[in-house]
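Structure, as C-alpha cells:
The values are calculated or read from the model by the stated rules, or taken from the named source; none is laboratory data. All of these numbers come straight from a predicted model, not from anything done at the bench. As a convention, Cβ positions derive from the backbone with ideal geometry for all residues, glycine included, and neighbour counts pool all protein chains shown. SASA here: full protein model, heavy atoms, side chains in, ligands and nucleic acids out. Shrake-Rupley method; radii C 1.70, N 1.55, O 1.52, S 1.80 Å.
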Amino acid sequence: HATVRSGTVSVQETVRAQVDPQQRLRVARSHTAAHMLHWALRKVLGPETVQAGSLVETERVRFDFSSLGGVHEEQQAKVESLVNGRIRTADEVRTATMKLDEAKQAGAMALFGEKYGQQVRVVTIGDYSKELCGGTHLAHTGSIGTFRIITESAVAAGTRRIEAVVGEAAEECSRHESHLLREAARRLSRP
C-alpha cells in the first residue's frame, strides 16, 4: 500500500518507499508467534503435526495444520500455555543465511511444497524452533506480549485451523471476556 502525499505518480517514475516501523513490529509479533504456535502444536499433538498454511497479520495469526482430530479444549490450553511460557522467557530469535543442505542438516523445518533456492534463511527461536523463513521477526519472544487462541476449527479433511491474537489484541480479548463474565455474574446474582 502506498500513499501519494503530494503530486502524482507515473509509470516508470522513481519513488521512495518507507516501511512503517509500528506496522512492521505488529506483523513481526504475529509471525514469531506463528512459529512458536507450530512448535507448541507439535509438542502437544505430536511430530506428525505440520503446518499446512498460514496468514500473519497485525496482531492476528491464522494457522492451518495437519491433524486427524480436533484440538480439545485442554490441548488448546496447553498450547497457549507453552507459547506464553516461552514469551515470558524472552527467548532470543536468530536468523542466518545458509545453503539449503546445511539448513536441513542443522534440523531446520521446511514446508512441504515450497520452492527454495540454494541459499535459504533460517529462523531459530531459543533451542526449540528452527524453520526456513523469509519473513520479518522479533529480536526476542518477550516482545510478543501475550498470545491467545480464539478459535479452532476444521478447514478440510485432515486439516485444522487455529486463529489467535497477540499483543494488544490479546489483551483486549482478555478484557472483553472478563467484562462478559462480570456482567453475567451480576445478572445471575439478581433476585
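Residue-wise test of (1) closer than 25 Å to Val155 by Cβ; (2) of a type in the set (S, T, N, Q).
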position: Pro21; (1), (2): no, no
position: Leu25; (1), (2): no, no
position: Ala33; (1), (2): yes, no
position: Thr58; (1), (2): yes, yes
position: Arg86; (1), (2): no, no
position: Ala90; (1), (2): no, no
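Filtered by the rule that a residue be among the β-branched types (Val, Ile, Thr), under 19 Å from the mean Cα position of the chain (by Cα) and open to solvent by 70 Å² or more (accessible area, probe 1.4 Å), region 86-111 gives Thr89, Thr95.
For (1) over 23 Å from Glu168 (Cα atoms); (2) open to solvent by 60 Å² or more (accessible area, probe 1.4 Å); (3) touching a Lys or Arg at 6+ places or on another chain (Cβ under 9 Å), each residue gets a yes or a no:
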position: Gln18; (1), (2), (3): yes, yes, no
position: Leu25; (1), (2), (3): no, no, no
position: Ala33; (1), (2), (3): no, no, no
position: Pro47; (1), (2), (3): yes, yes, no
position: Leu55; (1), (2), (3): no, no, yes
position: Arg62; (1), (2), (3): no, yes, yes
position: Gln75; (1), (2), (3): yes, no, no
position: Asn84; (1), (2), (3): no, no, yes
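Considering only residues that are surrounded by fewer than 15 Cβ atoms within 10 Å (Cβ to Cβ) and hydrophobic (A, V, I, L, M, F, W, C), look in region 112-147 and name the one that is farthest from Glu74 (Cα to Cα). Per the stated criteria, the residue is Ala139. Of the listed requirements (1) touching a helix residue (DSSP H, G or I) at 6+ places or on another chain (Cβ under 7 Å); (2) in contact (Cβ under 8 Å) with a residue 60 or more places away in the chain, Leu132 misses just one: (2). Taken over region 156-187, residues that are closer than 20 Å to Glu80 by Cβ, more than 13 Å from the chain's Cα centre (by Cα) and in a strand (DSSP E or B) amount to 1. Filtering Val19, Val27, Val15 for residues that are farther than 14 Å from Ile125 by Cβ and under 11 Å from the mean Cα position of the chain (by Cα) leaves a single hit, Val27. Please verify whether Glu80 is in a helix (DSSP H, G or I) and either of a type in the set (A, V, I, L, M, F, W, C) or touching a residue at least 12 places away in the same chain (Cβ under 8 Å) (or both), treating the condition exactly as stated. Criteria met by Glu80.
Listed conditions (1) within 15 Å of Ser81 (Cα to Cα); (2) open to solvent by less than 40 Å² (accessible area, probe 1.4 Å) are all met by Ile150, apart from (2).
What residue, of Arg148, Arg160, is within 22 Å of Gln51 (Cβ to Cβ) and touching a Gly at 6+ places or on another chain (Cβ under 7 Å)?
It is Arg160.
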